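Each remark here refers to the structure printed beneath this line.
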Amino acid sequence: MTLQGKRILLIISGGIAAYKSLDLIRRLRERGASVRPVMTAGAQAFVTPLAVGALAADKVFTELFSREDEQDVGHIRLARDCDLIVIAPATAGLMAKMANGLADDLASTILLATDKPVLAAPAMNPKMWSHTATRRNHATLVADGIHFIGPASGEMAESGEKGEGRMAEPLDIVAAAEALLDNGPKPLAGKKAIVTSGPTHEPIDPVRYIANRSSGKQGHAIAAELARLGADVTLVSGPVTIADPKGVTVVHVERAEEMRDAVIGSLPADIAVMVAAVADWRVASASGNKIKKQPGEAPPPLLLTENPDILKTIGHHAKRPKLVVGFAAETQNVAENGRSKLQRKGADYILANDVSPHTGIMGGDRNTVKVIGKSGDEDWPEMDKQAVAERLGTLIASHFS
Ligand code: C5P
(Lines give C-alpha, C1' and ligand atoms only; values in the text may rest on other atoms or scores of the structure.)
Protein backbone atom coordinates (compact mmCIF):
# COMPACT_ATOMS: atom_id res chain seq x y z
CA MET A 1 0.00 0.00 0.00
CA THR A 2 2.27 2.70 -1.27
CA LEU A 3 -0.36 5.43 -0.80
CA GLN A 4 -0.75 4.64 2.89
CA GLY A 5 -1.59 7.82 4.78
CA LYS A 6 -1.42 10.06 1.69
CA ARG A 7 -4.05 12.80 1.41
CA ILE A 8 -5.36 13.24 -2.09
CA LEU A 9 -7.57 16.10 -3.19
CA LEU A 10 -9.54 14.77 -6.15
CA ILE A 11 -10.98 17.36 -8.51
CA ILE A 12 -13.71 15.96 -10.73
CA SER A 13 -14.61 18.15 -13.69
CA GLY A 14 -17.51 17.76 -16.07
CA GLY A 15 -17.16 14.94 -18.55
CA ILE A 16 -18.73 11.56 -19.16
CA ALA A 17 -15.52 9.98 -17.80
CA ALA A 18 -16.56 11.30 -14.36
CA TYR A 19 -18.22 7.93 -13.76
CA LYS A 20 -14.75 6.34 -13.74
CA SER A 21 -13.76 8.68 -10.90
CA LEU A 22 -16.03 6.67 -8.63
CA ASP A 23 -13.86 3.62 -9.24
CA LEU A 24 -10.74 5.77 -8.91
CA ILE A 25 -11.83 6.82 -5.40
CA ARG A 26 -12.19 3.17 -4.41
CA ARG A 27 -8.79 2.24 -5.82
CA LEU A 28 -7.04 5.13 -4.07
CA ARG A 29 -8.67 4.31 -0.76
CA GLU A 30 -7.90 0.58 -1.16
CA ARG A 31 -4.25 1.62 -1.15
CA GLY A 32 -4.54 3.53 2.07
CA ALA A 33 -5.01 7.09 0.74
CA SER A 34 -7.70 9.46 1.97
CA VAL A 35 -9.66 11.18 -0.78
CA ARG A 36 -11.22 14.62 -0.41
CA PRO A 37 -13.44 15.34 -3.42
CA VAL A 38 -14.05 18.66 -5.15
CA MET A 39 -16.61 18.70 -7.96
CA THR A 40 -17.19 21.37 -10.58
CA ALA A 41 -20.73 22.30 -11.57
CA GLY A 42 -20.25 20.29 -14.78
CA ALA A 43 -19.17 17.18 -12.88
CA GLN A 44 -22.41 17.20 -10.92
CA ALA A 45 -24.31 16.78 -14.19
CA PHE A 46 -22.63 13.40 -14.63
CA VAL A 47 -22.28 11.96 -11.11
CA THR A 48 -23.94 13.03 -7.88
CA PRO A 49 -22.06 14.50 -4.91
CA LEU A 50 -23.94 11.93 -2.83
CA ALA A 51 -22.29 9.00 -4.64
CA VAL A 52 -18.87 10.67 -4.64
CA GLY A 53 -19.10 11.57 -0.95
CA ALA A 54 -20.25 8.08 0.01
CA LEU A 55 -17.32 6.40 -1.76
CA ALA A 56 -14.81 8.94 -0.45
CA ALA A 57 -16.30 8.87 3.07
CA ASP A 58 -15.74 12.63 3.16
CA LYS A 59 -17.60 15.84 2.49
CA VAL A 60 -17.76 16.88 -1.15
CA PHE A 61 -16.74 20.48 -1.82
CA THR A 62 -18.48 22.26 -4.68
CA GLU A 63 -18.86 25.97 -3.89
CA LEU A 64 -16.29 28.74 -3.79
CA PHE A 65 -18.54 31.17 -1.97
CA SER A 66 -20.06 28.80 0.56
CA ARG A 67 -19.97 30.67 3.86
CA GLU A 68 -20.13 27.45 5.79
CA ASP A 69 -17.27 25.74 3.89
CA GLU A 70 -15.07 28.81 3.88
CA GLN A 71 -15.34 29.13 7.68
CA ASP A 72 -14.89 25.42 8.09
CA VAL A 73 -12.08 24.51 5.66
CA GLY A 74 -11.61 27.30 3.11
CA HIS A 75 -10.28 27.05 -0.41
CA ILE A 76 -6.72 27.89 0.59
CA ARG A 77 -6.68 25.05 3.09
CA LEU A 78 -8.20 22.70 0.54
CA ALA A 79 -5.38 23.66 -1.82
CA ARG A 80 -2.65 23.08 0.78
CA ASP A 81 -3.83 20.36 3.18
CA CYS A 82 -3.06 17.49 0.85
CA ASP A 83 -0.08 15.63 -0.56
CA LEU A 84 -1.28 15.58 -4.16
CA ILE A 85 -4.07 17.02 -6.28
CA VAL A 86 -5.50 14.66 -8.89
CA ILE A 87 -7.81 16.03 -11.59
CA ALA A 88 -9.87 13.21 -13.11
CA PRO A 89 -11.38 13.80 -15.52
CA ALA A 90 -9.61 17.01 -16.58
CA THR A 91 -11.73 18.62 -19.28
CA ALA A 92 -10.43 20.84 -22.07
CA GLY A 93 -12.20 23.74 -20.33
CA LEU A 94 -10.48 23.20 -17.00
CA MET A 95 -7.11 22.81 -18.73
CA ALA A 96 -7.72 26.11 -20.52
CA LYS A 97 -8.50 27.85 -17.23
CA MET A 98 -5.40 26.41 -15.57
CA ALA A 99 -3.13 27.36 -18.45
CA ASN A 100 -4.36 30.95 -18.17
CA GLY A 101 -4.54 31.24 -14.41
CA LEU A 102 -8.30 31.76 -14.36
CA ALA A 103 -9.99 31.26 -11.01
CA ASP A 104 -13.75 31.54 -11.25
CA ASP A 105 -14.94 28.51 -9.30
CA LEU A 106 -13.72 26.35 -6.43
CA ALA A 107 -11.72 23.86 -8.55
CA SER A 108 -9.86 26.46 -10.61
CA THR A 109 -9.21 28.61 -7.52
CA ILE A 110 -7.71 25.66 -5.65
CA LEU A 111 -5.51 24.90 -8.66
CA LEU A 112 -4.23 28.48 -8.68
CA ALA A 113 -3.68 28.55 -4.91
CA THR A 114 -1.94 25.23 -4.46
CA ASP A 115 1.73 24.54 -3.92
CA LYS A 116 1.28 20.75 -4.13
CA PRO A 117 2.01 18.48 -7.10
CA VAL A 118 -0.89 18.23 -9.56
CA LEU A 119 -1.66 15.17 -11.69
CA ALA A 120 -4.20 15.65 -14.49
CA ALA A 121 -6.00 12.85 -16.34
CA PRO A 122 -7.51 14.55 -19.40
CA ALA A 123 -10.68 13.23 -21.00
CA MET A 124 -12.33 14.79 -23.99
CA ASN A 125 -13.40 14.27 -27.55
CA PRO A 126 -10.37 13.44 -29.76
CA LYS A 127 -10.94 16.59 -31.86
CA MET A 128 -10.85 18.71 -28.72
CA TRP A 129 -7.66 17.02 -27.53
CA SER A 130 -5.93 17.57 -30.89
CA HIS A 131 -7.20 21.17 -31.27
CA THR A 132 -4.37 23.70 -31.46
CA ALA A 133 -5.76 25.56 -28.43
CA THR A 134 -5.66 22.41 -26.29
CA ARG A 135 -2.18 21.51 -27.64
CA ARG A 136 -1.03 24.99 -26.62
CA ASN A 137 -2.63 24.74 -23.15
CA HIS A 138 -1.17 21.27 -22.62
CA ALA A 139 2.33 22.47 -23.53
CA THR A 140 1.94 25.43 -21.17
CA LEU A 141 0.79 23.20 -18.32
CA VAL A 142 3.63 20.71 -18.86
CA ALA A 143 6.07 23.64 -18.78
CA ASP A 144 4.36 24.82 -15.58
CA GLY A 145 5.13 21.46 -13.98
CA ILE A 146 1.68 19.88 -14.13
CA HIS A 147 1.93 16.09 -14.47
CA PHE A 148 -0.26 14.26 -16.99
CA ILE A 149 -1.47 10.69 -17.29
CA GLY A 150 -3.12 9.81 -20.60
CA PRO A 151 -5.38 10.33 -22.37
CA ALA A 152 -5.51 6.87 -23.89
CA SER A 153 -6.83 6.15 -27.34
CA GLY A 154 -9.92 4.13 -28.07
CA GLU A 155 -13.62 4.52 -28.56
CA MET A 156 -15.38 7.49 -26.93
CA ALA A 157 -18.20 6.58 -24.57
CA GLU A 158 -20.64 9.16 -25.88
CA SER A 159 -20.02 9.45 -29.62
CA GLY A 160 -18.39 6.15 -30.55
CA GLU A 161 -15.63 8.23 -32.23
CA LYS A 162 -12.17 6.76 -32.07
CA GLY A 163 -8.94 8.53 -31.22
CA GLU A 164 -6.92 9.96 -28.37
CA GLY A 165 -9.08 11.41 -25.61
CA ARG A 166 -10.27 8.62 -23.32
CA MET A 167 -9.43 9.13 -19.68
CA ALA A 168 -6.63 6.86 -18.45
CA GLU A 169 -7.92 3.85 -16.53
CA PRO A 170 -8.25 4.31 -12.74
CA LEU A 171 -5.41 1.85 -12.03
CA ASP A 172 -3.09 3.78 -14.34
CA ILE A 173 -3.99 7.00 -12.54
CA VAL A 174 -3.29 5.29 -9.20
CA ALA A 175 0.10 4.10 -10.51
CA ALA A 176 0.94 7.62 -11.69
CA ALA A 177 -0.08 9.04 -8.30
CA GLU A 178 2.08 6.45 -6.55
CA ALA A 179 5.02 7.28 -8.79
CA LEU A 180 4.66 10.99 -8.02
CA LEU A 181 4.43 10.52 -4.27
CA ASP A 182 7.07 7.90 -4.10
CA ASN A 183 10.25 8.56 -2.22
CA GLY A 184 10.65 4.97 -1.18
CA PRO A 185 13.73 2.77 -1.54
CA LYS A 186 15.21 2.18 -5.01
CA PRO A 187 16.55 -1.39 -4.80
CA LEU A 188 16.84 -1.60 -8.60
CA ALA A 189 18.78 1.66 -9.08
CA GLY A 190 21.50 1.15 -11.68
CA LYS A 191 19.79 -1.96 -13.13
CA LYS A 192 18.41 -2.14 -16.62
CA ALA A 193 15.17 -4.01 -17.36
CA ILE A 194 13.41 -4.98 -20.59
CA VAL A 195 9.67 -5.71 -20.42
CA THR A 196 7.42 -6.88 -23.26
CA SER A 197 3.69 -6.24 -23.10
CA GLY A 198 0.48 -6.49 -25.10
CA PRO A 199 -0.43 -8.64 -28.07
CA THR A 200 1.26 -8.77 -31.44
CA HIS A 201 -0.56 -8.19 -34.72
CA GLU A 202 0.48 -10.48 -37.54
CA PRO A 203 -0.61 -9.14 -40.93
CA ILE A 204 -2.58 -11.25 -43.40
CA ASP A 205 -2.71 -8.44 -45.92
CA PRO A 206 -2.59 -4.63 -45.57
CA VAL A 207 -5.99 -4.49 -43.85
CA ARG A 208 -6.31 -7.79 -41.97
CA TYR A 209 -4.28 -9.29 -39.14
CA ILE A 210 -4.19 -12.08 -36.56
CA ALA A 211 -4.38 -10.82 -32.97
CA ASN A 212 -5.28 -11.95 -29.43
CA ARG A 213 -7.11 -10.53 -26.43
CA SER A 214 -4.09 -9.26 -24.47
CA SER A 215 -4.63 -5.69 -23.19
CA GLY A 216 -1.08 -4.93 -22.03
CA LYS A 217 -2.34 -4.04 -18.53
CA GLN A 218 -0.12 -6.55 -16.70
CA GLY A 219 3.05 -5.85 -18.69
CA HIS A 220 2.65 -2.09 -18.48
CA ALA A 221 2.07 -2.29 -14.71
CA ILE A 222 5.26 -4.34 -14.31
CA ALA A 223 7.29 -1.88 -16.39
CA ALA A 224 6.05 1.04 -14.26
CA GLU A 225 6.74 -0.85 -11.03
CA LEU A 226 10.32 -1.74 -11.98
CA ALA A 227 10.87 1.93 -12.86
CA ARG A 228 9.44 2.93 -9.49
CA LEU A 229 11.98 0.64 -7.85
CA GLY A 230 14.72 2.56 -9.65
CA ALA A 231 15.38 0.41 -12.74
CA ASP A 232 16.07 1.92 -16.15
CA VAL A 233 13.18 0.28 -18.04
CA THR A 234 12.61 -0.27 -21.75
CA LEU A 235 9.06 -1.40 -22.47
CA VAL A 236 8.53 -3.06 -25.84
CA SER A 237 4.80 -2.88 -26.39
CA GLY A 238 2.58 -4.44 -29.03
CA PRO A 239 -0.55 -2.54 -30.15
CA VAL A 240 -2.56 -1.57 -27.05
CA THR A 241 -5.08 1.15 -26.24
CA ILE A 242 -3.74 1.93 -22.77
CA ALA A 243 -1.42 4.88 -22.11
CA ASP A 244 2.39 4.60 -22.04
CA PRO A 245 3.51 4.31 -18.40
CA LYS A 246 5.44 7.25 -17.00
CA GLY A 247 9.16 7.06 -16.49
CA VAL A 248 9.93 4.23 -18.91
CA THR A 249 11.25 4.21 -22.48
CA VAL A 250 8.53 2.76 -24.70
CA VAL A 251 9.20 1.12 -28.06
CA HIS A 252 5.99 0.49 -30.00
CA VAL A 253 5.94 -2.51 -32.32
CA GLU A 254 3.32 -4.52 -34.16
CA ARG A 255 4.69 -7.90 -35.20
CA ALA A 256 6.54 -10.60 -33.21
CA GLU A 257 9.65 -10.22 -35.37
CA GLU A 258 9.72 -6.47 -34.68
CA MET A 259 9.27 -7.20 -30.98
CA ARG A 260 12.19 -9.64 -31.02
CA ASP A 261 14.42 -7.13 -32.81
CA ALA A 262 13.54 -4.40 -30.31
CA VAL A 263 14.23 -6.71 -27.35
CA ILE A 264 17.55 -7.96 -28.71
CA GLY A 265 18.46 -4.38 -29.63
CA SER A 266 17.90 -3.35 -25.99
CA LEU A 267 20.46 -5.84 -24.61
CA PRO A 268 22.48 -5.91 -22.43
CA ALA A 269 20.12 -5.81 -19.48
CA ASP A 270 20.00 -7.16 -15.94
CA ILE A 271 16.33 -8.12 -15.98
CA ALA A 272 13.95 -9.34 -18.71
CA VAL A 273 10.25 -9.78 -18.03
CA MET A 274 8.47 -11.14 -21.08
CA VAL A 275 4.78 -10.54 -20.53
CA ALA A 276 3.62 -9.99 -24.12
CA ALA A 277 1.16 -12.46 -25.61
CA VAL A 278 3.29 -13.00 -28.68
CA ALA A 279 1.46 -14.71 -31.54
CA ASP A 280 2.89 -18.20 -31.94
CA TRP A 281 2.32 -18.11 -35.67
CA ARG A 282 2.34 -15.55 -38.44
CA VAL A 283 1.05 -15.81 -41.97
CA ALA A 284 3.78 -17.44 -44.05
CA SER A 285 3.64 -14.81 -46.77
CA ALA A 286 1.43 -11.82 -46.01
CA SER A 287 -0.06 -10.36 -49.16
CA GLY A 288 1.12 -6.92 -50.22
CA ASN A 289 -2.36 -6.19 -51.58
CA LYS A 290 -5.78 -6.73 -50.06
CA ILE A 291 -6.87 -10.31 -50.79
CA LYS A 292 -10.03 -9.99 -52.88
CA LYS A 293 -13.09 -12.16 -52.46
CA GLN A 294 -13.69 -13.80 -55.85
CA PRO A 295 -17.29 -14.77 -56.61
CA GLY A 296 -17.67 -18.53 -56.74
CA GLU A 297 -14.13 -19.23 -55.48
CA ALA A 298 -13.28 -21.16 -52.32
CA PRO A 299 -11.91 -19.06 -49.37
CA PRO A 300 -8.11 -18.67 -49.58
CA PRO A 301 -6.10 -21.02 -47.34
CA LEU A 302 -4.12 -19.28 -44.58
CA LEU A 303 -0.69 -20.86 -44.42
CA LEU A 304 1.03 -20.18 -41.07
CA THR A 305 4.66 -20.31 -40.01
CA GLU A 306 6.21 -20.20 -36.55
CA ASN A 307 7.18 -16.89 -34.97
CA PRO A 308 10.45 -16.46 -33.08
CA ASP A 309 10.12 -17.29 -29.38
CA ILE A 310 11.44 -14.12 -27.77
CA LEU A 311 11.57 -15.47 -24.21
CA LYS A 312 13.45 -18.58 -25.34
CA THR A 313 15.85 -16.49 -27.41
CA ILE A 314 16.60 -14.25 -24.42
CA GLY A 315 16.78 -17.20 -21.99
CA HIS A 316 19.54 -18.81 -24.07
CA HIS A 317 21.25 -15.66 -25.36
CA ALA A 318 24.99 -15.01 -24.98
CA LYS A 319 24.00 -11.73 -23.28
CA ARG A 320 21.30 -13.38 -21.15
CA PRO A 321 20.10 -11.01 -18.42
CA LYS A 322 20.81 -12.20 -14.87
CA LEU A 323 17.10 -12.61 -14.22
CA VAL A 324 14.67 -13.80 -16.90
CA VAL A 325 10.95 -13.97 -16.13
CA GLY A 326 8.22 -15.28 -18.41
CA PHE A 327 4.48 -15.64 -18.24
CA ALA A 328 2.43 -18.64 -19.24
CA ALA A 329 -1.15 -18.16 -20.23
CA GLU A 330 -2.75 -21.56 -19.98
CA THR A 331 -6.24 -22.96 -20.04
CA GLN A 332 -5.30 -26.37 -18.62
CA ASN A 333 -2.54 -28.09 -16.60
CA VAL A 334 -1.26 -24.69 -15.50
CA ALA A 335 1.48 -25.94 -13.16
CA GLU A 336 2.86 -28.70 -15.39
CA ASN A 337 2.92 -26.55 -18.50
CA GLY A 338 4.49 -23.70 -16.57
CA ARG A 339 7.27 -25.92 -15.22
CA SER A 340 8.15 -27.37 -18.61
CA LYS A 341 8.20 -23.83 -20.02
CA LEU A 342 10.66 -22.79 -17.30
CA GLN A 343 13.07 -25.46 -18.51
CA ARG A 344 12.53 -25.10 -22.22
CA LYS A 345 12.77 -21.33 -22.33
CA GLY A 346 15.66 -20.94 -19.90
CA ALA A 347 13.70 -18.70 -17.52
CA ASP A 348 14.29 -18.18 -13.78
CA TYR A 349 10.59 -17.75 -13.07
CA ILE A 350 7.37 -18.41 -14.94
CA LEU A 351 4.22 -16.69 -13.74
CA ALA A 352 1.52 -19.05 -14.89
CA ASN A 353 -2.11 -18.07 -15.04
CA ASP A 354 -5.32 -19.72 -16.10
CA VAL A 355 -6.80 -17.67 -18.92
CA SER A 356 -9.91 -19.81 -19.46
CA PRO A 357 -12.74 -17.46 -20.53
CA HIS A 358 -14.53 -17.80 -17.15
CA THR A 359 -11.53 -16.26 -15.32
CA GLY A 360 -11.80 -12.94 -17.21
CA ILE A 361 -8.03 -12.50 -16.78
CA MET A 362 -7.25 -11.79 -20.43
CA GLY A 363 -8.07 -8.09 -20.84
CA GLY A 364 -9.40 -7.81 -17.25
CA ASP A 365 -8.00 -5.94 -14.24
CA ARG A 366 -7.34 -8.87 -11.93
CA ASN A 367 -5.01 -11.83 -12.06
CA THR A 368 -4.36 -15.06 -10.19
CA VAL A 369 -0.86 -16.40 -10.73
CA LYS A 370 1.21 -19.37 -9.75
CA VAL A 371 4.89 -18.49 -9.52
CA ILE A 372 7.03 -21.34 -10.77
CA GLY A 373 10.71 -21.07 -9.85
CA LYS A 374 13.69 -23.38 -9.95
CA SER A 375 13.24 -24.23 -6.29
CA GLY A 376 9.46 -24.60 -6.14
CA ASP A 377 6.02 -23.15 -6.77
CA GLU A 378 4.11 -20.45 -4.94
CA ASP A 379 0.43 -19.60 -5.33
CA TRP A 380 -0.41 -15.94 -5.10
CA PRO A 381 -4.00 -15.07 -4.19
CA GLU A 382 -6.21 -13.26 -6.69
CA MET A 383 -5.28 -9.56 -6.81
CA ASP A 384 -5.34 -6.68 -9.26
CA LYS A 385 -2.64 -6.53 -11.91
CA GLN A 386 -0.96 -3.58 -10.20
CA ALA A 387 -0.61 -5.64 -7.02
CA VAL A 388 0.86 -8.55 -9.04
CA ALA A 389 3.37 -6.07 -10.46
CA GLU A 390 4.30 -4.86 -6.96
CA ARG A 391 4.79 -8.38 -5.68
CA LEU A 392 6.86 -9.36 -8.69
CA GLY A 393 8.92 -6.17 -8.22
CA THR A 394 9.69 -7.26 -4.64
CA LEU A 395 10.66 -10.76 -5.84
CA ILE A 396 12.94 -9.34 -8.54
CA ALA A 397 14.51 -6.86 -6.12
CA SER A 398 15.31 -9.72 -3.71
CA HIS A 399 17.69 -11.12 -6.37
CA PHE A 400 19.70 -7.91 -6.44
CA SER A 401 20.00 -7.10 -2.76
O1 C5P B 1 4.86 -20.73 -24.99
P2 C5P B 1 4.01 -19.64 -24.45
O3 C5P B 1 3.53 -18.68 -25.51
O4 C5P B 1 2.90 -20.06 -23.56
O5 C5P B 1 5.01 -18.85 -23.51
C6 C5P B 1 4.64 -17.69 -22.86
C7 C5P B 1 5.85 -16.89 -22.50
O8 C5P B 1 6.76 -16.85 -23.59
C9 C5P B 1 5.50 -15.44 -22.21
O10 C5P B 1 6.44 -14.95 -21.30
C11 C5P B 1 5.66 -14.80 -23.57
O12 C5P B 1 5.93 -13.42 -23.47
C13 C5P B 1 6.82 -15.55 -24.15
N14 C5P B 1 6.79 -15.73 -25.60
C15 C5P B 1 7.70 -15.06 -26.39
N16 C5P B 1 7.70 -15.25 -27.74
C17 C5P B 1 6.83 -16.09 -28.32
C18 C5P B 1 5.89 -16.78 -27.53
C19 C5P B 1 5.91 -16.56 -26.17
O20 C5P B 1 8.49 -14.28 -25.86
N21 C5P B 1 6.85 -16.25 -29.62
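The values are calculated or read from the model by the stated rules, or taken from the named source; none is laboratory data. All values derive from a computational prediction rather than experimental measurement. Every residue, glycine as well, gets a Cβ built from its backbone with ideal geometry; the counts of neighbours run over all protein chains shown. These area figures cover heavy atoms from the full protein model, side chains too; ligands, DNA and RNA do not enter into them. Shrake-Rupley method; radii C 1.70, N 1.55, O 1.52, S 1.80 Å.
Structure summary
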item	result
Checklist (1) open to solvent by 30 Å² or more (accessible area, probe 1.4 Å); (2) in a helix (DSSP H, G or I) applied to GLU63, failing item	(2)
Checklist (1) open to solvent by 10 Å² or more (accessible area, probe 1.4 Å); (2) within 12 Å of the ligand (Cβ to nearest atom) applied to LYS374, failing item	(2)
Odd one out for SER214 among (1) of a type in the set (S, T, N, Q); (2) open to solvent by less than 20 Å² (accessible area, probe 1.4 Å); (3) within 14 Å of the ligand (Cβ to nearest atom)	(2)
Filtered residue count, region 318-328, keeping only those that are in contact (Cβ under 8 Å) with a residue 60 or more places away in the chain and near the ligand (Cβ under 9 Å from one of its atoms)	2
Checklist (1) open to solvent by 30 Å² or more (accessible area, probe 1.4 Å); (2) of a type outside the set (Lys, Arg); (3) within 23 Å of ALA276 (Cβ to Cβ) applied to LEU180, failing item	(3)
Residue tally, condition open to solvent by 50 Å² or more (accessible area, probe 1.4 Å), more than 8 Å from the ligand (Cβ to nearest atom) and closer than 30 Å to ILE222 by Cβ, over region 272-288	2
Enumeration of residues in region 1-30 that are in a helix (DSSP H, G or I), at pLDDT 95 or above and not polar (S, T, N, Q)	ALA18, TYR19, LYS20, LEU22, ASP23, LEU24, ILE25, ARG26, ARG27, LEU28, ARG29
Members of region 2-56 that are touching a helix residue (DSSP H, G or I) at 6+ places or on another chain (Cβ under 8 Å) and open to solvent by 70 Å² or more (accessible area, probe 1.4 Å)	ARG26, ARG29, ARG36, PHE46
Every pair of residues 6+ apart whose Cβ atoms lie under 8 Å, when the first sits in region 77-101 and is buried (at least 22 other Cβ atoms within 10 Å of the Cβ) while the second is among the charged types (D, E, K, R) and assigned to a helix (DSSP H, G or I)	ALA88/LYS20; PRO89/LYS20
Flag if ASP205 is in the same structural domain as LEU395 (by TED's automatic domain parsing), free of Cβ contacts under 8 Å to residues at least 60 places away in the same chain and either basic (Lys, Arg) or farther than 28 Å from GLU330 by Cβ (or both)	no
Count of residues meeting criterion [part of a helix (DSSP H, G or I) and of a type in the set (A, V, I, L, M)] in region 31-60	8
Of the criteria (1) open to solvent by less than 10 Å² (accessible area, probe 1.4 Å); (2) not in a helix (DSSP H, G or I), which one LEU226 fails	(2)
The one condition in (1) open to solvent by 40 Å² or more (accessible area, probe 1.4 Å); (2) within 10 Å of the ligand (Cβ to nearest atom); (3) touching a Gly at 6+ places or on another chain (Cβ under 9 Å); (4) not hydrophobic (A, V, I, L, M, F, W, C) that SER340 fails to fulfil	(3)
Residue that is farthest from the chain's Cα centre (by Cα) [pool: residues in region 238-271 that are among the acidic types (Asp, Glu) and away from the ligand (no atom under 15 Å from the Cβ)]	ASP270
Residue satisfying all of: in region 138-166; open to solvent by less than 20 Å² (accessible area, probe 1.4 Å) and within 19 Å of LEU111 (Cα to Cα); nearest to the chain's Cα centre (by Cα) among these	ILE149
Among the residues listed as GLY265, GLY238, the single one being under 25 Å from GLY360 (Cβ atoms) and at pLDDT 95 or above	GLY238
Test: ILE291 is buried (at least 21 other Cβ atoms within 10 Å of the Cβ) and either more than 13 Å from the ligand (Cβ to nearest atom) or not assigned by TED's automatic domain parsing to the domain that holds GLY364 (or both)	no
VAL371 vs. criteria in a strand (DSSP E or B) and farther than 22 Å from ALA256 by Cα	yes
